Each structure stands twice: as structure tokens, then as C-alpha cells.
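**Q** Provided herewith is a single structure, encoded as C-alpha cells, for subsequent inquiry.
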Amino acid sequence: MTFVLQLNASMFPRSVGDDRSMPPKTLAWELGSPDVVFSNPIIQLRQLLSSLNGIIDEVPPDKGPRRFGNISFRKWFQTVEGRMSDLLAQHLPSGVLSFSTATESPAKNELEAYLLGSFGSPQRLDYGTGHELSFLAFVGSIWKLGGFEATASGSEERAIVLGVIEPYVKRVVPHVDWWWFRY
Amino acid sequence: MDDHSFVPYILGSAQFAPAISSAADIPAEGSLAESPDPADVTKATVVQRLRKKNMYFGAIGFIYDVKKGPFWEHSPMLYDISGVRAGWAKINKASYSLLSYLYKACTNQRVCYRG
């Protein structure tokens, strides 16, 4: 949760300028803000999310009745599961993936599990808070392992919000919801 | 929040919270000058205008896309929050607390279920 706290703090508008000058300037962080620059790790994660979305085109949702969820989600999920290892190797720093302590398996295993857990349950065909937390754990683990750039207070965290969290919320979640057609 | 998402509400309310000079100064209430009234989530035109810039309204916009009927009926928690008078910082604090609580509940079980 420290990670979420940092993300949260980064999104508060910033007051810049000292007290002796004219009223301080306020910088707010809107989606699509040109003041927020995406570092290479963030660009890589955006491409990873894009690839996951692209798999939806390969395994499109069934058109039949969807009252109890869409079985093709399971197909999509299996496809993603099969490609997960390659996707992570392609888009995450190798130092992060291979990180391990003497008693634990490499971080890659945990990262795979977190990311796979971000899209809902293929068994229950639903999506809940736990899945969102899983995605935060995925990004947060990369953050803890030094996979992002170290910048002035908040700016990389801000870019993570606008560049990674936002696409997940905006594109992945609605796609997943559309499969289940819960509404 | 009534269904399954927390993060856009936390981060989106932060976007409209009062400006700070450092992360140590996070306020417990108040709003950014010229930010919308939290009650505006019930106004479709405002939501459509703001959803592209703000994560809170983006999430509300998605609800508008997929749910029918009165807002208070399909999203009672969000509707209650829209009545908060103490500003977006207060909404931010409350959303974050809710997520913290759920996080603890989640990590105490092996699997986290919907809700």
C-alpha cells in the first residue's frame, strides 16, 4: 500500500513558486497532460498492455447469450497465460525479472501471477477489487525492485498513473467487463 | 466503488484536491480552485466533459456507459459520496481508507473475491 500512497500523493496538484513572489502557480495533472513525460520502463509497460489488448482481437468475445459470462474470456486468458513469460521478458527489465533472495524463486514468477490475476477470474467469470489490487501489486513490485526511474519527488509515480494505471483502467477493465456483460 | 474499482476514484479525487507544496502536506479536506462539485457526477453533461481529463469522472463515465436507470439506484455508494461537502481531499482520504481496509481483508485470505 505504500506504493498506492506514493501514487496518490503524486496526483495532488502542486503549488510552485516561493511565498515572496506573486501568487504561486498551480500545476494540475490531467489525463494526457503534456507536463508528464513517460520514461522507457513506462513506455514498455504501455506496450505490454497494448499487446494484451491485441490478443482480444485474436480471441474475440463470443456473440451468443452472455448472461453467465463469456466463455471466450477463458480462451483469451489461456492465450495470455501461454505468452506471459515472453511478454514479460520482452517488456520488463531483466534485472527485475531475475531478482531473487536466497530462499525465494525469481521475481518473474510472482510478477506473472500478479499480472495474470489482474483481469478477472476465468473460473468464476467475474472481476473484483482483488483483481485491481493484483495489477497494483504487479506495478508496485516492479517499482519496489527499482524497475522505474528514480526522479524528483512524485514525477515518475505520476507518469505511472497517467501512463500505466490509466490505460489499464480505461481499456483493459472495460474489455473484461464487456466479456462478462454483467450489466 | 459500488462494483469493483477503487483506484480511479482515489487517483481522480487527488487530481481535484487542493494544491500542495510537498507530499508531506496532504490536506484532509478542500478542493482545487475551479474543480467541479462532487455532486456533478449525477450530471451526464458534466461527466462527458470531464471524463477525458479526470480519472474519477472517467470511471463514472464508464458507469454511465454500461448502467441504466437512476444513478442513486445502481451506484448507491458513489451517490452518497457525491453529497460530501468537505471537498475532493476528503473524498480522496475516504476512498484510500476503504481501499486500505479491503487490502487488509484481501491479504488475510488466500483469494480476494469480488466486492
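**Q** Can you report the number of residues in segment A:31-58 which are modelled with pLDDT of 90 or more and more than 16 Å from the chain's Cα centre (by Cα)?
**A** 5
**Q** Take the residues in segment A:121-141 that are surrounded by 14 or more Cβ atoms within 10 Å (Cβ to Cβ) and over 23 Å from A:LEU7 (Cα atoms), then tell me which one is modelled with the highest pLDDT.
**A** A:SER121
**Q** Quick one: which helices (runs of 4 or more DSSP H) sit completely within segment B:39-110 and have at least 3 residues that are within 12 Å of chain A (Cβ to nearest Cβ)? Lay out the reasoning, then the answer.
**A** Values: elements: B:44-50, B:55-66, B:71-74, B:76-81, B:88-107.
Those helices (runs of 4 or more DSSP H) span B:55-66, B:88-107.
**Q** Residue check: is B:SER35 in a loop (DSSP other than H, G, I, E, B) and surrounded by 20 or more Cβ atoms within 10 Å (Cβ to Cβ)?
**A** Yes.
**Q** For the structure I just gave you, tell me whether B:PRO8 is of a type outside the set (Lys, Arg), under 25 Å from A:LEU27 (Cβ atoms) and assigned to a loop (DSSP other than H, G, I, E, B).
**A** No: the conditions fail for B:PRO8.
**Q** Please find, within segment B:43-58, the residue that is nearest to A:GLU166 (Cα to Cα) out of those that are free of Cβ contacts under 8 Å to residues at least 24 places away in the same chain and of a type in the set (A, V, I, L, M).
**A** B:LEU50
**Q** Sort through B:GLU29, B:GLU34 and tell me the only one that's in contact with a Lys or Arg (Cβ under 9 Å, 6 or more places away or on another chain) and of a type in the set (D, E, K, R).
**A** B:GLU29
**Q** Right, something else. Please enumerate the residues belonging to segment A:7-28 that are over 16 Å from B:PRO27 (Cβ atoms) and modelled with pLDDT of 95 or more.
**A** Of the residues in segment A:7-28, the ones over 16 Å from B:PRO27 (Cβ atoms) are A:7, A:16-23, A:25, A:27.
Answer for segment A:7-28, where residues must be over 16 Å from B:PRO27 (Cβ atoms) and modelled with pLDDT of 95 or more: just A:LEU7.
**Q** Turning to a different aspect of this structure: Restricted to segment A:1-34, and to residues that are loosely packed, with under 12 Cβ neighbours inside 10 Å and within 22 Å of A:LYS170 (Cα to Cα), which residue is nearest to the other protein chains (Cβ to nearest Cβ)?
**A** The qualifying residue nearest to the other protein chains (Cβ to nearest Cβ) is A:GLY32.
**Q** Next question, about the same structure. Is there a residue being within 14 Å of another protein chain (Cβ to nearest Cβ), under 26 Å from B:TYR9 (Cβ atoms) and assigned to a helix (DSSP H, G or I) anywhere in segment A:122-129?
**A** Yes, segment A:122-129 contains a residue that is within 14 Å of another protein chain (Cβ to nearest Cβ), under 26 Å from B:TYR9 (Cβ atoms) and assigned to a helix (DSSP H, G or I).
**Q** Could you count how many residues in segment B:67-89 are touching a residue at least 60 places away in the same chain (Cβ under 8 Å) and of a type outside the set (S, T, N, Q)?
**A** Qualifying residue count for the region: 8.
For (1) within 13 Å of chain B (Cβ to nearest Cβ); (2) assigned to a loop (DSSP other than H, G, I, E, B); (3) modelled with pLDDT under 90; (4) surrounded by fewer than 18 Cβ atoms within 10 Å (Cβ to Cβ), each residue gets a yes or a no:
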site	(1), (2), (3), (4)
A:TRP143	no, no, no, no
A:GLY146	no, yes, no, yes
A:ALA150	no, yes, yes, yes
A:SER153	yes, yes, yes, yes
A:GLU157	yes, no, no, no
A:LEU162	yes, no, no, no
A:VAL173	yes, no, yes, no
A:TYR183	yes, yes, yes, yes
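**Q** Does B:LEU11 satisfy the condition of being under 14 Å from the mean Cα position of the chain (by Cα) and at pLDDT 95 or above?
**A** When the stated conditions are applied, B:LEU11 passes them.
**Q** Please work out which residue is surrounded by the most Cβ atoms within 10 Å (Cβ to Cβ), limiting yourself to segment A:59-95 and to residues that are at pLDDT 80 or above and among the hydroxyl-bearing types (Ser, Thr, Tyr).
**A** To start, the set of residues in segment A:59-95 that are at pLDDT 80 or above comprises A:74-95.
Add one more test, that the residue is among the hydroxyl-bearing types (Ser, Thr, Tyr), and what stays is A:79, A:85, A:94.
On the way: A:THR79: 15, A:SER85: 13, A:SER94: 10.
Among those residues, the one meeting the criterion is A:THR79.
**Q** Right, next: Which of the numbered conditions does B:PRO18 fail, given that it passes all the others? Conditions: (1) buried (at least 19 other Cβ atoms within 10 Å of the Cβ); (2) over 14 Å from the mean Cα position of the chain (by Cα); (3) more than 14 Å from chain A (Cβ to nearest Cβ).
**A** All conditions pass for B:PRO18, except number (3).
**Q** For B:ASP37, which of the numbered conditions (1) in contact with a helix residue (DSSP H, G or I) (Cβ under 6 Å, 6 or more places away or on another chain); (2) closer than 14 Å to B:SER82 by Cα fails to hold?
**A** It is condition (1) that B:ASP37 fails.
The values are calculated or read from the model by the stated rules, or taken from the named source; none is laboratory data. Predicted, not measured: the structure shown is a model, and the values here were computed from it. Cβ coordinates were reconstructed from backbone atoms using ideal geometry, including for glycine residues, and neighbour counts include every protein chain displayed.
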